[in-house]
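The values are calculated or read from the model by the stated rules, or taken from the named source; none is laboratory data. Source: prediction; values computed, not measured. Cβ coordinates were reconstructed from backbone atoms using ideal geometry, including for glycine residues, and neighbour counts include every protein chain displayed.
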């Protein structure tokens with residue numbers, strides 16, 4: 001190996017979101033679970049959903065996103081998202097805002113079709129298999145709430161093709 005490093009690790013910014021979406025969707029393109037989860041969702045809608053749900057994470061102080069780039073081309077080839085220990089400020093009384101834990105989607109219950117969902121159907125693109133989404137991601141959120149102390153622990157999510 002030469003003295004020049006082949007890969008570069010640096011901080012992602014919101015301007016990297018299109019590359020992140022490409023990498024994420026490429027990583028799961030042949031995943032049978034994603035085929036079942038998004039059976040009625042177009043590729044373009046999947047990318048837009050990723051962008052819409054990922055962009056707000058850049059403004060969360062506990063979330064840190066890093067990219068891996070090919071040093072010879074500058075092309076992003078992977079990314080990783082970390083939740084750092086974080087103690088949120090108390091919610092403002094006047095606006096009724098709630099506390100959001102590290103790297104979690106807003107967790108709320110929504111009654112649809114007589115079912116109480118951990119992640120509301122409105123979070124997902126139309127055509128998503130809501131029962132499958134709730135079974136997998138709802139369970140992961142419940143486990144995270146039970147086993148991860150966002151004030152003391154780091155959490156990591158890796159997405160690469």
Worksheet item: Within segment 22-42, is even one residue under 16 Å from the mean Cα position of the chain (by Cα) and free of Cβ contacts under 8 Å to residues at least 24 places away in the same chain?
Response: yes
Item to complete: Run down 121, 152 and say which single residue is surrounded by 12 or more Cβ atoms within 10 Å (Cβ to Cβ) and either under 25 Å from residue 36 (Cβ atoms) or out of contact with any helix residue (DSSP H, G or I) (no Cβ under 7 Å at 6 or more places or on another chain) (or both).
Response: 121
Worksheet item: Can you find even one residue in segment 130-147 that is surrounded by 12 or more Cβ atoms within 10 Å (Cβ to Cβ), at pLDDT 55 or above and either assigned to a loop (DSSP other than H, G, I, E, B) or at positive phi (or both)?
Response: no
Worksheet item: Can you tell me which residues in segment 1-24 are surrounded by fewer than 17 Cβ atoms within 10 Å (Cβ to Cβ) and in contact with a helix residue (DSSP H, G or I) (Cβ under 8 Å, 6 or more places away or on another chain)?
Response: 13, 14, 18, 22
Worksheet, complete the sentence: Per the filter on segment 25-64, residues over 12 Å from residue 125 (Cβ atoms) and exposed (fewer than 14 other Cβ atoms within 10 Å of the Cβ) are 26, 29, 30, 31, 32, 33, 35, 36, 55, 56, 59, 61
